[in-house]
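Notes for the one structure printed next.
The values are calculated or read from the model by the stated rules, or taken from the named source; none is laboratory data. Only a predicted model underlies this, so the values are computations on that prediction, with no experimental measurement involved. FYI the Cβ positions are ideal-geometry reconstructions off the backbone, even for glycines, and counts take in every protein chain you see.
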Amino acid sequence: MTVITPGGTIGILGGGQLGRMTALAAASLGYRCHVLAPEEHSPAADVSAAFTRAAWDDQAALDAFAEAVDVVTLEFENVPVAVLERLARKVPVRPGPSVLEVTQDRLAEKAFVNRLGIATAPWRPITDEAGIAPALAELGGRGVLKTTRMGYDGKGQALLRGAGDIEAAWRALGPGPLILEGFVEFAMELSVITARGPDGQMASFVPVENRHRDHILKTTLAPAPITLGQAQAAVAMAERLTSGLEAVGLIAVEMFLASDGRLLVNELAPRPHNSGHWTMDACHCSQFEQLVRAVCGLPLGDPTRISDARMENLLGEEADSWREILAEPGARLHLYGKREARPGRKMGHVNRLLPRP
């Protein structure tokens with residue numbers, strides 16, 4: 001097992017706010033961070049020791065990056081697998097290419113989850129428009145048609161309330177491989193974030209409830225208002241999936257708590273997760289410090305919460321309320337340094353600490 005000691009350099013693929021908060025956590029443990037991203041302006045680069053601006057297919061830049069760092073991790077899961085494979089020839093990459101081969105493709109991801117005996121919404125692969133109607137009928141007449149790759153925050157999907165919605169959905173999403181998921185009546189959306197080190201040690205944060213607005217996460221409640229048995233089952237599922245992937249780093253597992261009480265896995269993310277931002281102020285060890293510990297081969301931190309919390313994303317111009325938030329007792333403000341506020345863009349978040357019952 002390769003241990004990266006404090007003073008080493010962590011390479012981060014992707015330059016967004018998740019990389020920014022990872023770099024800040026790494027600095028507190030004595031590490032330097034080197035960000036590689038194709039964008040000119042990078043919230044992560046603003047707080048890192050080095051920044052390489054390069055396209056994902058710039059092989060010379062990738063090779064130089066690999067030589068400059070001691071380990072590579074990611075804050076953006078849609079990095080091409082070939083990039084991770086090339087880097088892995090020269091430096092440890094955590095999580096590795098095999099993890100992204102599963103999580104980047106919804107068909108592969110659903111099949112992986114089901115192979116472990118863990119439930120998801122029923123689903124069918126779709127290869128052409130003619131296959132949608134019979135698949136929809138098999139799934140009860142309602143479903144969500146999704147691209148197999150690259151969708152996030154509600155992008156790359158269409159709700160099918162009946163056969164009349166098929167043509168428009170295919171026109172928007174096709175051609176190409178798609179997945180049709182049966183519609184789930186759910187009581188709550190949950191997530192669990194699990195860390196795993198190179199030695200197989202795991203640690204999980206408590207399940208949280210996620211509330212969305214226009215398909216974008218708006219509020220996370222920690223802990224989720226569920227029973228102890230449901231919480232234990234959710235954590236067990238997340239740890240089984242993380243172990244099955246042999247992931248080193250973080251795996252965020254998004255779940256539905258169905259109206260009938262079943263837990264259904266929705267998606268996996270091999271990186272820090274928006275629903276884990278509350279851990280920055282309400283846990284002994286944040287998800288970002290936990291990622292640094294995991295990929296560097298250090299002992300994992302204590303994920304126990306020291307306070308209940310409510311995390312609220314600041315979208316677009318909502319971040320302009322920073323003055324009022326700073327004056328609010330118990331509120332912890334985190335701004336990402338983005339240059340332009342746009343509707344729905346995540347500009348920051350606020351953690352409101354709540355007394356534990």
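Before moving on, here are some points about what is shown:
- Restricting the stretch 199-236 to residues that are part of a loop (DSSP other than H, G, I, E, B) and either surrounded by fewer than 16 Cβ atoms within 10 Å (Cβ to Cβ) or charged (D, E, K, R) (or both) leaves a set whose member that is nearest to the chain's Cα centre (by Cα) is 215.
- Search result, residues across the stretch 297-348 that are among the charged types (D, E, K, R) and closer than 17 Å to residue 286 by Cα: 302, 305, 308, 310, 312, 332
- Within the stretch 321-332, the residues that satisfy the criterion of being at pLDDT 95 or above and either surrounded by fewer than 18 Cβ atoms within 10 Å (Cβ to Cβ) or among the hydroxyl-bearing types (Ser, Thr, Tyr) (or both) are 321, 322, 323, 324, 326, 327, 328, 331.
- Scope the stretch 55-76; condition over 27 Å from residue 30 (Cβ atoms) and either over 23 Å from the mean Cα position of the chain (by Cα) or of a type in the set (Asp, Glu) (or both); matching residues: 57, 58, 59, 60
- Looking across the stretch 42-90, the residues that are of a type in the set (A, V, I, L, M) and surrounded by fewer than 18 Cβ atoms within 10 Å (Cβ to Cβ) come down to 49, 50, 54, 55, 60, 61, 64, 68, 81, 82, 88.
- Some residue of the stretch 299-311 being surrounded by 13 or more Cβ atoms within 10 Å (Cβ to Cβ), more than 29 Å from residue 4 (Cβ to Cβ), modelled with pLDDT of 95 or more and more than 20 Å from the chain's Cα centre (by Cα): yes
- Flag for residue 179 being closer than 28 Å to residue 315 by Cα, in contact with a Ser or Thr (Cβ under 8 Å, 6 or more places away or on another chain), of a type outside the set (Phe, Trp, Tyr) and in contact (Cβ under 8 Å) with a residue 12 or more places away in the chain: no
- Only a single item in (1) closer than 27 Å to residue 214 by Cα; (2) touching a helix residue (DSSP H, G or I) at 6+ places or on another chain (Cβ under 8 Å); (3) without any contact (Cβ under 8 Å) to a residue 60 or more places away in the chain; (4) not in a helix (DSSP H, G or I) is not met by residue 167, and it is number (4).
- Answer from 20, 89 - the residue that is without any contact (Cβ under 8 Å) to a residue 40 or more places away in the chain and not hydrophobic (A, V, I, L, M, F, W, C): 89
- Of the strands (runs of 3 or more DSSP E) lying entirely inside the stretch 238-357, those containing at least 2 residues that are touching a helix residue (DSSP H, G or I) at 6+ places or on another chain (Cβ under 7 Å) and free of Cβ contacts under 8 Å to residues at least 40 places away in the same chain are 331-335, 346-354.
- With respect to the stated conditions, residue 119 fails to be free of Cβ contacts under 8 Å to residues at least 24 places away in the same chain and under 22 Å from the mean Cα position of the chain (by Cα).
- Answer residue from the stretch 148-188, given it is within 18 Å of residue 103 (Cβ to Cβ), charged (D, E, K, R) and out of contact with any Phe, Trp or Tyr (no Cβ under 8 Å at 6 or more places or on another chain) and is surrounded by the fewest Cβ atoms within 10 Å (Cβ to Cβ) among those: 155
- Residue check, residue 145 surrounded by 17 or more Cβ atoms within 10 Å (Cβ to Cβ) and assigned to a strand (DSSP E or B): yes
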